[in-house]
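Participant: Structure incoming, see below.
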Amino acid sequence: MASSGSISAGAHGDPTRRDFLFVASGAMAAVGAIATAWPFINNLNPAADTLALSSVEVNVKPIAVGQAITVKWRGKPVFIRHRTPEEIKEAEDVKLSELPDPETDNARVTDTAKKVRPEWLIVVGVCTHLGCVPLGTKPGDPRGEYGGWFCPCHGSQYDTSGRIRKGPAPKNLAVPDYLFSSDSLVKIG
Amino acid sequence: MASQHGAPPVFNNRVVAWIDHRLPIFSYIEKEYHTFPTPKNFNYFWNFGAIATVMLVLMIVTGIVLAMNYQPNSELAFASVERIMRDVPSGWLMRYMHMTGASFFFAAVYIHIFRGLYYGSYKAPRELLWILGVVILLLMMATAFLGYVLPWGQMSFWGATVITNLFSAIPVVGDSVVTWLWGGFAVDNPTLNRFFALHYLLPFIIVAVVALHVVALHVHGSNNPLGIDPKGPQDTVPFHPYYTMKDGFGLTIFLIIYAGFVFFAPNWLGEPVNYVQANPLVTPNEIVPEWYLLPFYAILRSIPDKLGGVIAMFGSIAILFVLPWLDTSRVRSCTFRPIYKWFVFVLVIDVLVLGYCGAHPPEGGFVIASRLATIYYFFHFLVLLPILGKIERPLPLPPSIADAVLKKKAV
């Protein structure tokens, strides 16, 4: 800034009052620009009515062992699977070192009250690759090599704990916050 | 009005003269579209800039009338498009012109890009002209994607889901970006609303960038099939009537083919599953974009890593920005590049292979083919182009355009 010569430079090239005013007003303008930009970006965030639809209650009593259902939560499918003892064992026996996204089965079947219910697996039915709905919930669906879910879009395969085992997806199927208020009633979200 | 060899035009009409003295639009049109000296040796590849411009105008006009009947609401959108098709007078024609028009707009632009690649139109001093063109291509892709979501069919919804999820691969801010795109927890009504707003906006930004593209073009004038600069009046003809006529003829042929599709095969280029209303709980068996995005989709899927795939896909277009500096040969036209000439066609075949792979599920041979084709795509730009420019011995360039044209006639 001192480059504009005798007008702005002090006697010994020191910053002058004018330099100070340039920097101070420039900094204020930058802060103002950011402060103005924020409401425009924030405007893109979910609105209050969208956020209000954020939980759903499900009666899981009618789901037989080995069966799974899909419920809609926040516009997305959630899979609720009543796992068989073999499926639970298979999920628990996997070594963590074999998993691309290591997570124990126990941690994935714990509700927000820290109660573990290995027979109930509740995961968001959205492939962590590019957001397709994996197959494997309906009877007769292909369930992939690991007996969980198979995403038809780009071939990701999930195990009986909804963990990614093979394919391009980077992460396990997400486990939403859920709470069993009784043995048959679960609140998701 | 009359104008001879660069002298400022004299307007006989007093109203025109009055306006021109204050706002020289008539002088501008006279200078840039009438007397503008243009190489005399254009072939029909030089039609496609004008054709693309006409398609852009056509897309905007049909789009505006469609917007008057379209409802950007997830409950109403699908039915409103069907209403346009069945109940709105000439609505079917407007919609078919718009959706087929998108394909033909891309076709024209891809041929235009091929022309640029083959005849070296991106080389000095036209680098910025080329870069503005790549910006237009990116804006077109964004606009086409946003527009494809609006009918709210199954492919609209799932295409939107897959493409918006691409941004979640960005480290740190990815998830926030996706939420900002969605306005919720998934692709839903807020997403459709903002996509409609952006789909209406972007074409006008494209118009602005096209204007810059044309301004940059008129600084040094068009390249030509020989790739050598015009050396004087003997090498050029005035833009009007020579190229207005040639463009008009090419445009007519193009529009006849386009009209053939609009009237006889409007859905031939589309996906039937998009006539099923969007269902967030059921993914279609296969998610495929429109044909003009297939090669890039194949590149995305060929990389077995999410972030890597996204980088490769955007990289495949971003690489075009630096093309003028990757090509080390000083000869523009492939007519005089005996080796590189063939590799341009290999690249075209490579992109077609990618497109073919992109249309098929990523299994077996398609995975291998799309990986090889992706590798070759980047090999072409990053290795072949820089090296070939150094080792290839170009054929002797003709002394001037007029010379080459007259010699050809004599033979």
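The values are calculated or read from the model by the stated rules, or taken from the named source; none is laboratory data. Computed from a predicted model, the values in this text were never measured in an experiment. FYI the Cβ positions are ideal-geometry reconstructions off the backbone, even for glycines, and counts take in every protein chain you see. These accessible areas exclude ligands, DNA and RNA; they are computed on the full protein's heavy atoms, side chains included. Shrake-Rupley method; radii C 1.70, N 1.55, O 1.52, S 1.80 Å.
Participant: Tell me whether segment A:79-88 contains one or more residues that are open to solvent by 70 Å² or more (accessible area, probe 1.4 Å), free of Cβ contacts under 8 Å to residues at least 40 places away in the same chain and within 17 Å of A:Val65 (Cβ to Cβ).
Facilitator: For segment A:79-88, residues open to solvent by 70 Å² or more (accessible area, probe 1.4 Å), free of Cβ contacts under 8 Å to residues at least 40 places away in the same chain and within 17 Å of A:Val65 (Cβ to Cβ): present.
Participant: A follow-up question, please. Considering segment A:61-104 alone, what residues qualify as being out of contact with any Asp or Glu (no Cβ under 7 Å at 6 or more places or on another chain), outside any strand (DSSP E or B) and of a type in the set (Lys, Arg)?
Facilitator: A:Lys61, A:Arg74, A:Lys89, A:Lys95
Participant: Any idea how many residues of segment A:110-137 are over 21 Å from B:Val162 (Cβ atoms) and either in contact (Cβ under 8 Å) with a residue 40 or more places away in the chain or aromatic (Phe, Trp, Tyr) (or both)?
Facilitator: Quick first cut of segment A:110-137, residues over 21 Å from B:Val162 (Cβ atoms) only: A:110-122.
Restricting the remaining residues to those that are either in contact (Cβ under 8 Å) with a residue 40 or more places away in the chain or aromatic (Phe, Trp, Tyr) (or both) gives A:111-113, A:115, A:117, A:119-122.
Within segment A:110-137, residues that are over 21 Å from B:Val162 (Cβ atoms) and either in contact (Cβ under 8 Å) with a residue 40 or more places away in the chain or aromatic (Phe, Trp, Tyr) (or both) number 9.
Participant: Considering only residues that are over 19 Å from B:Ala369 (Cα atoms) and of a type in the set (D, E, K, R), which ones fall in segment B:274-305?
Facilitator: Within segment B:274-305, just B:Glu290 meets the criteria.
Participant: In segment B:357-386, what residues are open to solvent by 60 Å² or more (accessible area, probe 1.4 Å) and touching a residue at least 40 places away in the same chain (Cβ under 8 Å)?
Facilitator: B:Arg371, B:Leu382
Participant: May I pose another question? Restricting to segment B:290-305, name every residue that is at the interface with chain A (Cβ under 9 Å from one of its Cβ atoms) and farther than 18 Å from B:Ala160 by Cβ. Steps first, answer last, please.
Facilitator: Restricting attention to segment B:290-305, the residues satisfying the condition of being at the interface with chain A (Cβ under 9 Å from one of its Cβ atoms) are B:300-301, B:303-305.
Answer for segment B:290-305, where residues must be at the interface with chain A (Cβ under 9 Å from one of its Cβ atoms) and farther than 18 Å from B:Ala160 by Cβ: B:Ile303, B:Pro304, B:Asp305.
Participant: When you scan segment B:286-383 for helices (runs of 4 or more DSSP H) that lie fully inside it, which ones turn up with 1 or more residues that are at pLDDT below 95 and in contact with a Lys or Arg (Cβ under 6 Å, 6 or more places away or on another chain)? Steps first, answer last, please.
Facilitator: Values: elements: B:294-302, B:306-321, B:323-326, B:340-358, B:364-379.
Correct list: B:294-302.
Participant: Would you confirm whether any residue within segment B:345-352 is of a type in the set (D, E, K, R) and either more than 30 Å from A:Lys166 (Cβ to Cβ) or within 14 Å of chain A (Cβ to nearest Cβ) (or both)?
Facilitator: Of the residues in segment B:345-352, the ones of a type in the set (D, E, K, R) are B:350.
Filter once more, so that each one left must be either more than 30 Å from A:Lys166 (Cβ to Cβ) or within 14 Å of chain A (Cβ to nearest Cβ) (or both): none.
For segment B:345-352, residues of a type in the set (D, E, K, R) and either more than 30 Å from A:Lys166 (Cβ to Cβ) or within 14 Å of chain A (Cβ to nearest Cβ) (or both): absent.
Participant: Determine the pairs where a residue that is farther than 17 Å from A:Gly125 by Cα and more than 9 Å from every other protein chain (Cβ to nearest Cβ), located within segment B:275-289, has a partner that is in a loop (DSSP other than H, G, I, E, B) and open to solvent by 20 Å² or more (accessible area, probe 1.4 Å) with Cβ atoms under 6 Å apart, the partner being 6 or more residues away or on another chain.
Facilitator: B:Val288/B:Ala359
Participant: So, in segment A:151-189, exactly how many residues are of a type in the set (D, E, K, R), part of a loop (DSSP other than H, G, I, E, B) and within 11 Å of chain B (Cβ to nearest Cβ)? Explain how you work it out, then say what you get.
Facilitator: Filtering segment A:151-189 for residues of a type in the set (D, E, K, R) gives A:159, A:163, A:165-166, A:171, A:177, A:183, A:187.
Applying the additional criterion that residues be part of a loop (DSSP other than H, G, I, E, B) yields A:163, A:171, A:177, A:183.
Now drop any that are not within 11 Å of chain B (Cβ to nearest Cβ), which leaves A:171.
Looking only at that region, the number is 1.
Participant: Would you confirm whether any residue within segment B:125-138 is open to solvent by 20 Å² or more (accessible area, probe 1.4 Å) and touching a Pro at 6+ places or on another chain (Cβ under 7 Å)?
Facilitator: Yes, that holds for at least one residue.
Participant: Which ones in segment B:303-328 are among the hydroxyl-bearing types (Ser, Thr, Tyr) and open to solvent by 20 Å² or more (accessible area, probe 1.4 Å)? Working first, answer last.
Facilitator: Quick first cut of segment B:303-328, residues among the hydroxyl-bearing types (Ser, Thr, Tyr) only: B:316, B:328.
Hit for segment B:303-328 is B:Thr328, nothing else.
Participant: Just one of B:Leu281, B:Leu352 is over 29 Å from B:Leu128 (Cβ atoms) and in contact with a Ser or Thr (Cβ under 9 Å, 6 or more places away or on another chain); which is it? Spell out the reasoning first.
Facilitator: Numbers: B:Leu352 fails: in contact with a Ser or Thr (Cβ under 9 Å, 6 or more places away or on another chain).
After applying the criteria, what remains is B:Leu281.
Participant: Which one of A:Phe40, A:Phe20 is open to solvent by 70 Å² or more (accessible area, probe 1.4 Å), over 30 Å from B:Asp175 (Cα atoms) and either in a helix (DSSP H, G or I) or among the small types (Gly, Ala, Ser) (or both)? Steps first, answer last, please.
Facilitator: Working: A:Phe40 fails: over 30 Å from B:Asp175 (Cα atoms).
Of A:Phe40, A:Phe20, the one residue that is open to solvent by 70 Å² or more (accessible area, probe 1.4 Å), over 30 Å from B:Asp175 (Cα atoms) and either in a helix (DSSP H, G or I) or among the small types (Gly, Ala, Ser) (or both) is A:Phe20.
Participant: Sort through B:Val215, B:Val210 and tell me the only one that's at pLDDT 95 or above and loosely packed, with under 14 Cβ neighbours inside 10 Å.
Facilitator: Details: B:Val210 fails: loosely packed, with under 14 Cβ neighbours inside 10 Å.
Result: B:Val215 is the single residue among B:Val215, B:Val210 that is at pLDDT 95 or above and loosely packed, with under 14 Cβ neighbours inside 10 Å.
Participant: Okay, next question. Restricting attention to segment A:150-166, does a residue exist that is more than 24 Å from B:Thr161 (Cα to Cα) and either modelled with pLDDT under 90 or open to solvent by 30 Å² or more (accessible area, probe 1.4 Å) (or both)?
Facilitator: The answer is no; no qualifying residue exists.
Participant: Starting from residues that are of a type in the set (Val, Ile, Thr) and more than 8 Å from chain A (Cβ to nearest Cβ), keep the ones in segment B:164-187 and report whichever is nearest to B:Glu271 (Cα to Cα). Walk me through it before giving the result.
Facilitator: So the first thing to find is which residues in segment B:164-187 are of a type in the set (Val, Ile, Thr), and the list is B:164, B:170, B:172-173, B:177-179, B:187.
Add one more test, that the residue is more than 8 Å from chain A (Cβ to nearest Cβ), and what stays is B:170, B:172-173, B:177-178.
Values: B:Ile170: 30, B:Val172: 35, B:Val173: 33, B:Val177: 29, B:Val178: 26 Å.
Filtering segment B:164-187 for residues that are of a type in the set (Val, Ile, Thr) and more than 8 Å from chain A (Cβ to nearest Cβ), the one nearest to B:Glu271 (Cα to Cα) comes out as B:Val178.
Every residue, every condition in (1) among the small types (Gly, Ala, Ser); (2) modelled with pLDDT under 95; (3) open to solvent by less than 50 Å² (accessible area, probe 1.4 Å); (4) in contact with a strand residue (DSSP E or B) (Cβ under 9 Å, 6 or more places away or on another chain), yes or no:
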| residue | (1), (2), (3), (4) |
| --- | --- |
| B:Phe48 | no, no, yes, no |
| B:Met55 | no, no, yes, no |
| B:Met68 | no, no, no, no |
| B:Leu76 | no, no, no, no |
| B:Ser80 | yes, no, yes, no |
| B:Arg86 | no, no, no, no |
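Participant: In segment B:231-270, what residues are within 19 Å of B:Tyr33 (Cα to Cα), among the aliphatic types (A, V, I, L, M) and crowded, with 16+ Cβ neighbours inside 10 Å?
Facilitator: B:Val237, B:Leu251 - these are the residues of segment B:231-270 that are within 19 Å of B:Tyr33 (Cα to Cα), among the aliphatic types (A, V, I, L, M) and crowded, with 16+ Cβ neighbours inside 10 Å.
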